[in-house]
1. With 18 Å as the limit, write out which pairs from K135/K162; K110/K176; K110/K181; K135/K172; K110/K136; K111/K136 have Cα-Cα distances beyond it, or answer none.
2. Around C98, which amide H atoms from residues at least 5 apart in sequence, or from another chain, sit under 5 Å from its own amide H, with H modelled in the peptide plane?
3. Which semi-axes, in whole Å and largest first, does the equivalent ellipsoid of region 73-189 have when worked out from the alpha carbon gyration tensor as the square roots of 5 times its eigenvalues?
4. Using the Karplus curve 6.51 cos²θ - 1.76 cosθ + 1.60 with θ = phi - 60°, what ³J(HN,Hα) values do you get for each residue of region 110-123, in whole Hz, with x for Gly and Pro?
Amino acid sequence: MHVSGLRLRVGCGNRLQSPLVVEAVDRLPVVARHEVPVVVDRQAERRFPRITGGPEIDEISDDEIPTGSERILFIDDEEALVEMGMELLTELGYEVICRGGSKEALALLKKDVSRFDLVITDQTMPEMTGLELAKKILSIRRDMPIILCTGFSHQVDAETAKQAGIKAFVMKPLVKREIAKAIRDVLDE
């Protein structure tokens, strides 16, 4: 029997109730993936509206995305986001060191605070928030530029971040064009 383009949906019983989709061509599995429904939190959008960047970001073509060669410490407790951050920032030309936790990142900075030109940190982490980390970093090196990233947080907004000495506040998910512009704005200040 010859099977071509068979598509099979299997319910997985996960909490999002997303089906597992397996596609096969000539009886060989080609793709197995979850089809996860998109969930939009309207309350979060009101508290932290997505910043599109305005015309100065939206009008930048892919060829004009700002790049650099500075040394960046990227901190996030989610492994997938660390990998994505590393890839994104490396594509932009930066030398990137990543850490999966705030205490580990702080220990690295204490060894040689001049090693980095910029710190990009997530806000919500288990041991120490990004805001707490930023305050500790700034107590070691007062002029360290810091970008704080968050997908959602009750604890901090752009104004709170600015008052704490953070140079930029970027909403997740990180968009190449937006983070590239934020980095250049902070480093070129």
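Each value in this text was obtained by applying a stated rule to the coordinates, not by laboratory testing. Quick caveat, the model's predicted, so the values are computed rather than measured.
1. In this structure, K110/K176; K110/K181; K135/K172 lie more than 18 Å apart at Cα.
2. Answer set, sorted by chain and number: F74.
3. Each semi-axis is the square root of five times an eigenvalue, giving 17, 16, 15 Å.
4. For region 110-123, the Karplus-derived couplings read 5, 5, 7, 5, 7, 5, 10, 9, 7, 10, 10, 10, 6, 7 Hz, x marking Gly and Pro.
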